[in-house]
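**Student:** Could you have a look at this structure, given as structure tokens, before my questions?
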Amino acid sequence: MAELRAVVRMPTGTAFDADVVGARLPTPTGQVGVRPGAEPFVTALDSGLVLLQTAEGTVFAGTAGGVARHDGATLTLFSPFAAVGDADAVLAALDHARSRQDGELAALRALSELESRITADVRAGRTARGAP
């Protein structure tokens, strides 16, 4: 099975770096699916839930928007904040980040909106359909 490298980067470091068989990204114009061998592209990344399909299953990445770049071999997501793991871990990380008192009000609002979007996605069962 062909794979592509997926990397989720934040200013504080790398949140995810592994081979995936596909990914689904939220963009301003809708969901974008990425498979191995896809044409290179750069696009804006909306805040929301990224689905990364690995050989073992789906990994969720809640992001606060940013930029996605695919060079033909590696999909790199650059975001000011990302929480990666299963659905429960992502929701817990978002809740923890939102509860911190040292962030700015705008960041807290963005995280709250992000958590609402991801929670709605998970509850609506969109993630049950699988990645890409």
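**Student:** Which of the residues spanning the range 33-60 are of a type in the set (A, V, I, L, M, F, W, C) and touching a residue at least 60 places away in the same chain (Cβ under 8 Å)?
**Tutor:** So the first thing to find is which residues in the range 33-60 are of a type in the set (A, V, I, L, M, F, W, C), and the list is 34, 38, 41-42, 44-45, 49-52, 55, 59-60.
Listed by number, the residues that qualify are V34, L49, L51, L52, F60.
**Student:** Can you spot a residue in the range 52-65 that is farther than 13 Å from R24 by Cα, surrounded by 13 or more Cβ atoms within 10 Å (Cβ to Cβ) and either at pLDDT 90 or above or in contact with a strand residue (DSSP E or B) (Cβ under 7 Å, 6 or more places away or on another chain) (or both)?
**Tutor:** Taking the range 52-65 as the starting set, the residues that turn out to be farther than 13 Å from R24 by Cα are 55-57, 64-65.
Then drop every residue that is not surrounded by 13 or more Cβ atoms within 10 Å (Cβ to Cβ), which leaves 64-65.
From what is left, the residues that are either at pLDDT 90 or above or in contact with a strand residue (DSSP E or B) (Cβ under 7 Å, 6 or more places away or on another chain) (or both) are 64-65.
Checked against the condition, which is being farther than 13 Å from R24 by Cα, surrounded by 13 or more Cβ atoms within 10 Å (Cβ to Cβ) and either at pLDDT 90 or above or in contact with a strand residue (DSSP E or B) (Cβ under 7 Å, 6 or more places away or on another chain) (or both), the range 52-65 yields at least one hit.
**Student:** Any idea how many residues of the range 76-132 are of a type in the set (G, A, S), at pLDDT 65 or above, part of a helix (DSSP H, G or I) and touching a strand residue (DSSP E or B) at 6+ places or on another chain (Cβ under 9 Å)?
**Tutor:** Going through the range 76-132 one residue at a time, the tally reaches 6.
**Student:** Any chance you could count how many residues in the range 13-30 are assigned to a loop (DSSP other than H, G, I, E, B) and farther than 11 Å from L52 by Cα? Let's see the steps before the verdict.
**Tutor:** Let us first name the residues in the range 13-30 that are assigned to a loop (DSSP other than H, G, I, E, B), namely 21, 28-29.
The next check asks that each one be farther than 11 Å from L52 by Cα; those that pass are 28-29.
Count: 2.
**Student:** Going through the range 32-45 one residue at a time, which ones are in a strand (DSSP E or B) and aliphatic (A, V, I, L, M)?
**Tutor:** The answer is V32, V34, V42, A44, L45.
**Student:** Name, by its number, the condition in (1) under 17 Å from M10 (Cβ atoms); (2) not in a strand (DSSP E or B) that does not hold for G48.
**Tutor:** Unmet condition: (2).
**Student:** For the range 68-88, what are the residues that are closer than 26 Å to A124 by Cβ, in contact (Cβ under 8 Å) with a residue 12 or more places away in the chain and not hydroxyl-bearing (S, T, Y)? Break it down stepwise before answering.
**Tutor:** Initially, the range 68-88 is screened for residues closer than 26 Å to A124 by Cβ, giving 68, 75, 77, 79-88.
Narrowing further to those that are in contact (Cβ under 8 Å) with a residue 12 or more places away in the chain: 68, 75, 77, 79-87.
Listed by number, the residues that qualify are A68, L75, L77, P80, F81, A82, A83, V84, G85, D86, A87.
Each row is one residue, and each column tells you yes or no for (1) among the polar types (S, T, N, Q); (2) at pLDDT 95 or above.
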{"position": "E3", "(1), (2)": "no, no"}
{"position": "V8", "(1), (2)": "no, yes"}
{"position": "G13", "(1), (2)": "no, no"}
{"position": "A18", "(1), (2)": "no, yes"}
{"position": "P26", "(1), (2)": "no, no"}
{"position": "Q31", "(1), (2)": "yes, no"}
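**Student:** Now for a different question. Out of the residues in the range 17-40 that are surrounded by fewer than 20 Cβ atoms within 10 Å (Cβ to Cβ) and of a type in the set (G, A, S), state the one that is farthest from G66 (Cα to Cα).
**Tutor:** Filtering the range 17-40 for residues surrounded by fewer than 20 Cβ atoms within 10 Å (Cβ to Cβ) gives 17-19, 21, 27-33, 35-40.
Narrowing further to those that are of a type in the set (G, A, S): 18, 30, 33, 37-38.
Details: A18: 19, G30: 15, G33: 17, G37: 23, A38: 20 Å.
The qualifying residue farthest from G66 (Cα to Cα) is G37.
**Student:** Same structure again: Of all the residues that make up the range 1-45, how many are of a type outside the set (D, E, K, R) and under 13 Å from T76 (Cβ atoms)? Don't jump to the end; show me each part of the working.
**Tutor:** The initial filter retains those residues of the range 1-45 that are of a type outside the set (D, E, K, R), namely 1-2, 4, 6-8, 10-16, 18, 20-23, 25-34, 36-38, 40-45.
Next, from what is left, pick out any that are under 13 Å from T76 (Cβ atoms): 4, 6-8, 10, 14-16, 18, 20, 23, 25, 34, 40-43, 45.
Counting residues in the range 1-45 that are of a type outside the set (D, E, K, R) and under 13 Å from T76 (Cβ atoms) gives 18.
The values are calculated or read from the model by the stated rules, or taken from the named source; none is laboratory data. None of these values were measured; they are calculated from a predicted model. Here the Cβ is made from the backbone with ideal geometry for all residues, glycine too, and neighbour counts use every protein chain on show.
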